[in-house]
Amino acid sequence: MSGPTSVPAPAVTAAARSARATHQPGGRRDSRPKRIVIHGILILACVIAAFPIIRVLSVALRPGNRLLDSEFKLIPEGATLNAFVHVLTETDLPLWLFNSLVITTGTAIVGLLVAATSAYAFSRFKFPGRGVGLTALLATQLIPAAMLLVPLYLLAVQFKLANSYVGMVIALSVTAVPFSIWILKGYYDTVPIELEEAARIDGCSQLEAFWRILLPLSTPALVVVFLFNFLAAWNDYFLARILLSKEELLTWPLGLQRFQAQFQAQWNDLAAASILISVPVVLLFLYSSKWLVSGVTAGGVKG
Amino acid sequence: MSLDAVVTAIQQVGLTLIVIAIAVAALEGVLYLLLVRGLKTRLATPLMLVAPAFVGLAILIVYPLLWELNVSFTNMSLRNFRDPGFLGLENGMFVGLDNYVEVFTRPVLQLTTFWQLLLQTVLWTVINVTLHVAGGMALALLLHRQMRGKGIYRALIILPWAIPQVIALLIWRTEYNNEYGAANQLLRMAGFDGVPWLSDPFWNFIAMIITNVWLGIPFMMVIILGGLSSISSEYYEAAEMDGANSRQSFRAITLPLLRPVLTPAIILGTVWTFNNINVPFFINQNELETSDILVTALFRMAFQYNRYGDAAAFAFVIFIILLVFTVFYVRRTGSLRGAYE
């Protein structure tokens, strides 16, 4: 769904430039006390940013009898990895993660294919309805998720699509498409059209030129759009909540909630599960953050 | 995790992909016959390229919205749960503009009126976006220099944006717990009394804002950092030669040159914050109606009170508010000029 869950991705364009041009505003080196103050503020910001994660790590390591301690130690007394073993072997967490992974991968592939081709049309062709189409894509970003959930739920009930992944995958990939098209169009626009023209003179058809020249040159943008769709679907909670209720179909956000309700006191299980879910996503995100500069602003920057 | 469940998941998603592939192939086939063979138009290629996306959007966004518009004129609810047909004219579900009038004249759920919710939403949006931009700007300016550990700082500060939001929100929610949560423990360590973060509407609203500011600053910081590094250092060198101090060069160089990056980010941030359902929904654990914002009230109206007709009308009122704001703001700032070439 749209909204802040969707990770606004990238703009690969500005990223490359920015990596090189790290200049010193003002041109001089900071004085020593100023440097200490700056490092101090940044360290404080890092602590605040990481604080909940540190806390959850510490809860996950606690042995079962000290869950409600009010200590602030990173490694608690009698630290144990039991909670991690427990959630992986004795709960449905692996199933929820698997379900999420399958839905998310399907969504990201469909979303990327659809967006990559549409963006090509918007970038390289003039056709009636082009401007209107671009505006319409932007307008979809204004629709509150809650507004779409009402009819999607009622229609899913009517067409018996509740409790199936068909509705989930289609809805998730389509809602991610408008933003993906804008990012890819912005990136395609920065690739010189002469390259494709040269290929066509050499005998490529238009679609071959797209497939063989433009797409390979746009790999960074394609990777980022794939990630953006992947993360948006991975983090979806509300669509799954209204469409899925069968135990074996649950995705991790729903499972995790069930967890919290079922094992009222088992904070360490919840914490361990949270960490297991977060780590791969955080690594993926940090890895791609080179490109995550400002896809959202690509259009504006260019103008 | 049983084998059956794994097979079910793969089957379902595989089936979906096949359905989509067949639908796209059929659509392209029809378009090919129509445009290439029939009309022989040069527009065939672009139209065939955009068709899958726009048909998808028509089925999953336009059609549901039209259907919702239809429902908004009926009294569909859990007690009256049947297909209304066209405006509910044939089965007596038609209520005209009643739902729209009631949005403004009756409490939205049970206690709060539309106007109070609107005020809370505007406050929520303005406070959040202001703090996001201010915090993001401050951190970006600090990070935008040659220094040791820059990459580590950046990676750590980005964390709130990187971890899955549902998890971040579940963590924050437990940290607001009266006795065991970190928020009150820290307050007590500093010698204050604990605060009822989850049960008092005012403090719950503050808790929502703290959480969302924590979540939203990294995005603005990354955007502003990108903007800062595209400003050539020559401007600053020239300003320094002319004797400008750092505050003057910030106002005369940094701010104006950041505008093309900042304006779209602010518009987007505003829309996202206005529409943010996750944070208020998860932090407002006790379902305090009085600290809801518009979109969470909408979700509760539809899925807890099951008042579908009312919710549909309410949704369109919210959408129109947002649309008017955005069109006005985009026009005034001209921030999308150039994106259409």
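The values are calculated or read from the model by the stated rules, or taken from the named source; none is laboratory data. Just so you know, these numbers come straight off a predicted model, no measurement behind them. A quick note on method: Cβ atoms are made from the backbone with ideal geometry, for glycine too, and the neighbour counts reach across all protein chains shown.
Values for this structure:
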{"quantity": "Among the residues listed as A:S70, A:S18, the single one being in contact with a helix residue (DSSP H, G or I) (Cβ under 8 Å, 6 or more places away or on another chain), at pLDDT below 65 and part of a helix (DSSP H, G or I)", "calculated": "A:S18"}
{"quantity": "Residue list for region A:130-168, restricted to those being within 23 Å of A:L250 (Cβ to Cβ), in contact (Cβ under 8 Å) with a residue 60 or more places away in the chain, not in a helix (DSSP H, G or I) and not small (G, A, S)", "calculated": "A:L161, A:N163"}
{"quantity": "Condition check for B:A25: facing another protein chain (nearest Cβ under 9 Å) and either part of a loop (DSSP other than H, G, I, E, B) or at pLDDT 80 or above (or both)", "calculated": "no"}
{"quantity": "Residues of region B:244-261 satisfying the condition of being facing chain A (nearest Cβ under 8 Å) and of a type outside the set (S, T, Y)", "calculated": "B:P260, B:V261"}
{"quantity": "Some residue of region B:286-300 being among the aliphatic types (A, V, I, L, M), surrounded by 24 or more Cβ atoms within 10 Å (Cβ to Cβ) and assigned to a loop (DSSP other than H, G, I, E, B)", "calculated": "yes"}
{"quantity": "Hey, B:L118 touching a residue at least 12 places away in the same chain (Cβ under 8 Å), outside any helix (DSSP H, G or I) and not aromatic (F, W, Y) or not", "calculated": "no"}
{"quantity": "Candidates B:S246, B:S232, B:S291, filtered to the one that is touching a His at 6+ places or on another chain (Cβ under 9 Å), modelled with pLDDT under 85 and on the phi < 0 side of the Ramachandran plot", "calculated": "B:S232"}
{"quantity": "Unique match (being in contact (Cβ under 8 Å) with a residue 60 or more places away in the chain, surrounded by fewer than 18 Cβ atoms within 10 Å (Cβ to Cβ), part of a helix (DSSP H, G or I) and more than 7 Å from chain B (Cβ to nearest Cβ)) among A:L88, A:L97, A:L112", "calculated": "A:L88"}
{"quantity": "Helices (runs of 4 or more DSSP H) contained entirely in region B:173-281, each with at least 2 residues that are among the β-branched types (V, I, T) and free of Cβ contacts under 8 Å to residues at least 60 places away in the same chain", "calculated": "B:201-229, B:255-274"}
{"quantity": "Selection within region B:72-113 - surrounded by fewer than 13 Cβ atoms within 10 Å (Cβ to Cβ) and hydroxyl-bearing (S, T, Y)", "calculated": "B:T105"}
{"quantity": "Check on B:F282, aromatic (F, W, Y), in the same structural domain as B:A183 (by TED's automatic domain parsing) and surrounded by fewer than 23 Cβ atoms within 10 Å (Cβ to Cβ)", "calculated": "yes"}
